[in-house]
Structure formats: structure tokens, C-alpha cells
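These notes are about the structure you will find just below.
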Amino acid sequence: MRTLAIGDIHGCYTALHTLEREMTFTDDDLIITVGDYVDRGPDSKSVIDWLIARHRRGGKLVALQGNHELIMLWSRFDSLSQKSWMSSSVGGDATLASYGSAWRAARIADVPDEHWDFLVNLTMRYHETETHIFVHASVVPEVPMSEQSDEMLFWERFKDLPPHCSGKPVICGHTAQSNGLPKVASHGVCIDTGACKGGWLTCLDVHTSEYGQANQQGEFRTGRLDALTS
């Protein structure tokens, strides 16, 4: 069984599907997605469908919540939040479009209940194993995971911090790397490599430090981190 961490997908279903095919995902692999499934990319609906399908058939999945999931949830019942979400800078307009059709633009009411249920009940603030910590954005090094703030877990940018007090490396996303490569720091690695910005979607095998990357053109490449404590 592999433990595979996938960076910010942002509606890039073609890249996700390419990773699944080229890296031969199985239901025995533990897939940990670090959040930001929606916004900016063209097919957020299919991304969430894929996550729900894996969960339903019993495939091992840990889905973390990202700040874009939070924004989408805020928009469900609040018109001001929805206006902000629909701006091009956030990318909710692309998410909603993925729920539409050729003859009718989508409304937020078109997002199915099972998708809201996934966002509310099946996503986690963080995940910690015996060897690693997984979050969307960042952590305070000296604070136990159960006491981390939402500001750090969902919004803080990736910086070269001291190691976490647990001694475990942190795997995160949120801060897109413009060079398309995962960034290794003393405390962990950021695997957001800008899939929705013409970059790559990264899938990291956290125990071997090998990774695969796919883009929206269906291209695939591999690499290995220079260093990652495990």
C-alpha cells in the first residue's frame, strides 16, 4: 500500500484522471488530497464526483478541506459571500459553470446535496499519521495539531519554518509553486504546483519521495524530491 498525497486540484479533472491512470491508483493506496478541489479550473464537479466515488466504493481516501471549499460553503446561504466567490480572482464562476449545461447556466441550487454533504461531512481540517502531518496551508511549529487555528491550516502561506514539535514533516498545498516543482523546506514540502495556472498537479509518494505530475493537456512526468524526512 502506498500513501499518495495529491496537491491542489482546482477543478483540473483531466490532470487528476491522468495521474490516476499513469500512477495506477488502487483502492489499497491511501490517497490524501490536501484540499482546494474547486474553483478556477474547468471541471470542479467531476473532481468532487471522483472523490465521492472513491469514498463510496471503499477506496482509501482522506480528503482535507481547503480555503476554497470554505469559501464555497460560505456562499451557499449568503449572497455577499456568493458574490465574492463568483469573482474571477476566487474562481467560483468556473466551479458553478461545471454544474451547468449547454442550454442553461448553473445556479448554486444546482450543486447536488451529495456534493454539499461531501464538503461538510467528509472533509477534514488536517490528518496526522505516525510519520507525517497533512494540512492544506501551514502549521505553527510549536503548537499541537489539535490546537492549530483555522488561519494557519487554511490560509497561511508556505514558509521555511522550524520542524513541527511532533518531529513529523508537514505535507501541504495552498502556495502555488510557479516553477511547477514541489518545494522542500526544513519542516516539510509544498505540493501545490499550479495545476489551474497552466502548471502541474502533483502526486507524492510520501514514503519514497518519488512523485508524478500531470497537466490539463494529459501530459505526465515523474521526479524525486532531493530530501524529505520520513
- Computed magnitude of the charge dipole of the chain (debye, nearest 20; Cβ of K, R +1, Cβ of D, E -1): 400 debye
- Message: Tell me the mean residue ellipticity at 222 nm calculated for the chain from its helices only (DSSP H runs of n ≥ 4, each -39500 (n - 2.57), averaged over every residue, nearest 500).
- Response: -6500 deg cm²/dmol
- Reference-scaled alpha-carbon Rg (2.2 N^0.38 Å with N residues) for the chain: 0.96
- Which net charge results when you count Lys and Arg as +1 and Asp and Glu as -1 among the other residues whose beta-carbon is under 12 Å from that of Pro112? -4
- Query: For Thr123, which sequence-distant residues (separation of 5 or more, or a different chain) have an amide H within less than 5 Å of its own amide H, given hydrogens modelled in the peptide plane?
  - Reply: none
- Message: Using only the alpha-carbon atoms, how far is helix 13-22 inclined from the longest principal axis of the chain? Give it as 0 to 90 degrees, nearest 10.
- Response: 40 degrees
- Message: Over segment 97-153, what is the relative contact order in percent, taking alpha-carbon pairs closer than 8 angstrom and at least six residues apart?
- Response: 20 percent
- Taking the Cβ of each residue in Asp150, Asp226, Asp192, Asp29 as the centre, tally the other Cβ atoms inside 10 Å and list the residues starting with the fewest. Asp226, Asp150, Asp29, Asp192
- Task: At most 16 other Cβ atoms within 10 Å plus a DSSP loop assignment makes a site exposed; report the longest stretch of the chain without any exposed trypsin sites (Lys or Arg not before Pro).
- Result: 160-230
- After finding the eigenvalues of the alpha carbon gyration tensor for segment 74-161, what semi-axes result from the square roots of 5 times each, listed largest first in whole Å? 32, 15, 12
- Message: Within 10 Å of each candidate Cβ there may be at most 16 other Cβ atoms; applying that plus a DSSP loop requirement, which chymotrypsin sites (Phe, Trp or Tyr not before Pro) in segment 68-108 survive?
- Response: Phe77, Trp103
- Could you work out Rg/(2.2 N^0.38 Å) for segment 19-95, with Rg from alpha carbons only? 1.24
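Computed from the coordinates by the stated procedures, all read-outs in this text should not be read as laboratory data. None of the values given here were measured: they were computed from a predicted structure. Ideal geometry is used to build each Cβ from the backbone, glycine not excepted, and the neighbour counts take in all protein chains shown.
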